[in-house]
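The values are calculated or read from the model by the stated rules, or taken from the named source; none is laboratory data. Since the model is a prediction, treat every value here as computed from it, not as a measurement. A quick note on method: Cβ atoms are made from the backbone with ideal geometry, for glycine too, and the neighbour counts reach across all protein chains shown.
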């Protein structure tokens, strides 16, 4: 807050900033014997008397205010001056309880409008003249500006994301940035003797960059190592800047950054006015199965052409695009789900998809950066310093997100991230840099599940979500050995114990229902794996606010070897969800009356929800390689209708 000190011997000259209070010090030079005062100002000045109503009585019309009882005078101006010192405030002092005029003091004020402005109300347009811009609040009534991490690539031929590129932005790049408007309005003579500076704190210098338009190009003025900038006003009342984020929130970075303004006298360097403008950097957001599919990704390899053909037909029915990654690019790596997670980032003025590249780094490792990164398609990755720390849990088949849920009256309108780990006593987890990154986004509070009982160790091997046409909006699908054994016993009791599995598949034998139900090793594996799934069931019910009616048990059996489990037949829960179409691994279960009883059970559970089950043969090309349909596909989906900044983390 600025201050103007009155003098009884000579006029005082001061500065008043539009929209901000100025303290008028009426006590520094008071005539002897004065016990009260009166104050008035010209039309551009609002005068406010600050007092304690328990100690001071408001004077009647035309009366005086008492001195030395904590009474203060605050000034604010409503518009900038056209000329220097064109606004006035007069204070008159009285003695003998207001009966004797003892003198007066006069202040000549120059009013200026100096402020930093941004889209603090999140409408997509800059709000000018707003107060209290230095803090940031969440929720539908929250306030504060937002930055996108400029992690796409708008420059053709650049080998970097725009946020990593040290060069100047082009016109397309500028559209990703948030606008910041500096207002500097007042008499030209005033600005000839005063300097406006912008500066950022050192920790923020690698988190944001600020540009302004030059004569022929954009000028880098802040961030990226530049901590301060002397504004070149050039007789402009408004100067437009463009601000970009350089880094997503992380373990050591909350996502909050700020730009500071100061107004100083050029000669003395005395600071007249300061202001802080806060921004929050937009998070990376995952999308669940229940959101509309836009594009499906699948790898073409020497042995999966029939699988790709089936996926192509499924995407045609679901009316979404298909991106077939040729072997030249996938280099024989078919596990596109494990390589990356497709999400997005959003600010009020723009949003675009962002691929999160896993630290898995196998043959597909170059695809997300080389083929997806581009104009309005961003890229981010998190890798540990030591590549030896990476394990199967760091693949993104082990990373999912729920649909929106409410848990104990707390809403998660963007769902909750789900990751697989070992039991707490094993201390085996997804890599810390990835877990820290996911938690730091704040809007999809992660939940840890137990997946290390599986050979591959990914949660998509025992769970999935499908849309539902009711208020809940979805169902959780859980793999269930218990349900599978119950189904097989039912069919055995109906006289179908001789029905065989894997008919037509050359796997060295065709076990019957009787064989399976008499196999002690399968029974033991079923009990063990069901126990592991039940642990996850309990966690999911608690952390997602689910009831038993929200869960559907999908039949499966697992085999166990060396303490880890694999699906005995193609795992139907490991499916591709495209709207109402489900691409389900064809289980090759016992055929009864010409129909696979496992397929029929899945249909009976899912089709009442309006879902269409399409069974896809992935046996040789995926199942025998310890994966299924979901492992071999990936989906870019439409963004949430809910805005992340309206959440309450």
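General remarks:
- Options 557, 546: the member that is assigned by TED's automatic domain parsing to the domain that holds residue 290, under 31 Å from the mean Cα position of the chain (by Cα) and surrounded by 17 or more Cβ atoms within 10 Å (Cβ to Cβ): 546
- Complete set of residues in the stretch 626-648 that are within 15 Å of residue 586 (Cα to Cα) and either in contact with a strand residue (DSSP E or B) (Cβ under 8 Å, 6 or more places away or on another chain) or surrounded by fewer than 20 Cβ atoms within 10 Å (Cβ to Cβ) (or both): 626, 628, 629, 630, 632
- If you go through the stretch 501-522 and keep only what is under 13 Å from residue 557 (Cα atoms), in contact (Cβ under 8 Å) with a residue 24 or more places away in the chain and out of contact with any helix residue (DSSP H, G or I) (no Cβ under 8 Å at 6 or more places or on another chain), you end up with just 521.
- Selection status of residue 492, buried (at least 23 other Cβ atoms within 10 Å of the Cβ) and farther than 29 Å from residue 580 by Cβ: no
- From the list 75, 116, 106, the one residue that fits, being assigned to a strand (DSSP E or B) and surrounded by fewer than 17 Cβ atoms within 10 Å (Cβ to Cβ), is 106.
- Odd one out for residue 388 among (1) assigned to a helix (DSSP H, G or I); (2) surrounded by 16 or more Cβ atoms within 10 Å (Cβ to Cβ): (2)
- Only one entry of 58, 5 meets the criterion of being under 53 Å from the mean Cα position of the chain (by Cα), over 30 Å from residue 236 (Cα atoms) and surrounded by fewer than 13 Cβ atoms within 10 Å (Cβ to Cβ), and that entry is 58.
- First in the stretch 184-208 and outside the structural domain of residue 277 (by TED's automatic domain parsing) and under 22 Å from residue 238 (Cα atoms), second anywhere and part of a strand (DSSP E or B) and at pLDDT below 95, Cβ under 6 Å, 6 or more apart: none
- Where residue 270 falls short, out of the listed (1) touching a residue at least 60 places away in the same chain (Cβ under 8 Å); (2) under 30 Å from residue 180 (Cβ atoms): (1)
- Residue 443 vs. criteria under 25 Å from residue 284 (Cβ atoms) and surrounded by fewer than 21 Cβ atoms within 10 Å (Cβ to Cβ): no
- Residue count for the stretch 40-72, restricted to those that are over 25 Å from residue 114 (Cβ atoms) and outside any strand (DSSP E or B): 19.
- Counted residues, the stretch 249-281 - those being over 16 Å from residue 222 (Cβ atoms), surrounded by 15 or more Cβ atoms within 10 Å (Cβ to Cβ) and touching a helix residue (DSSP H, G or I) at 6+ places or on another chain (Cβ under 8 Å): 5
- Unmet criterion (only one of (1) under 27 Å from residue 357 (Cβ atoms); (2) without any contact (Cβ under 8 Å) to a residue 24 or more places away in the chain; (3) touching a strand residue (DSSP E or B) at 6+ places or on another chain (Cβ under 8 Å)) for residue 455: (2)
- Helices (runs of 4 or more DSSP H) (entirely within the stretch 282-348) containing at least 2 residues that are in contact (Cβ under 8 Å) with a residue 24 or more places away in the chain, in the same structural domain as residue 615 (by TED's automatic domain parsing) and surrounded by fewer than 21 Cβ atoms within 10 Å (Cβ to Cβ): 305-318, 327-330
- Candidates 62, 103, 95 - the one that is within 18 Å of residue 34 (Cα to Cα), out of contact with any helix residue (DSSP H, G or I) (no Cβ under 6 Å at 6 or more places or on another chain) and free of Cβ contacts under 8 Å to residues at least 60 places away in the same chain: 62
- Qualifying residue in the stretch 609-619 (condition: buried (at least 24 other Cβ atoms within 10 Å of the Cβ), more than 24 Å from residue 419 (Cβ to Cβ) and assigned by TED's automatic domain parsing to the domain that holds residue 405): yes
- Flag if residue 456 is over 22 Å from the mean Cα position of the chain (by Cα), modelled with pLDDT of 95 or more and not in a strand (DSSP E or B): yes
- Residue 586 being surrounded by fewer than 19 Cβ atoms within 10 Å (Cβ to Cβ), touching a helix residue (DSSP H, G or I) at 6+ places or on another chain (Cβ under 8 Å), assigned by TED's automatic domain parsing to the domain that holds residue 300 and closer than 21 Å to residue 477 by Cβ: no
- Meets criteria (crowded, with 19+ Cβ neighbours inside 10 Å and either in contact with a helix residue (DSSP H, G or I) (Cβ under 8 Å, 6 or more places away or on another chain) or outside the structural domain of residue 584 (by TED's automatic domain parsing) (or both)) for residue 414: yes
- Within the stretch 366-385, the set of residues being part of a strand (DSSP E or B) and either in contact (Cβ under 8 Å) with a residue 60 or more places away in the chain or within 16 Å of residue 295 (Cα to Cα) (or both) comprises 374, 377, 378, 379, 380.
- The residue that is farthest from residue 625 (Cα to Cα), among those in the stretch 436-453 that are under 24 Å from the mean Cα position of the chain (by Cα) and in a strand (DSSP E or B), is 447.
- Flag if residue 245 is in contact with a strand residue (DSSP E or B) (Cβ under 7 Å, 6 or more places away or on another chain), in contact (Cβ under 8 Å) with a residue 60 or more places away in the chain and surrounded by 16 or more Cβ atoms within 10 Å (Cβ to Cβ): yes
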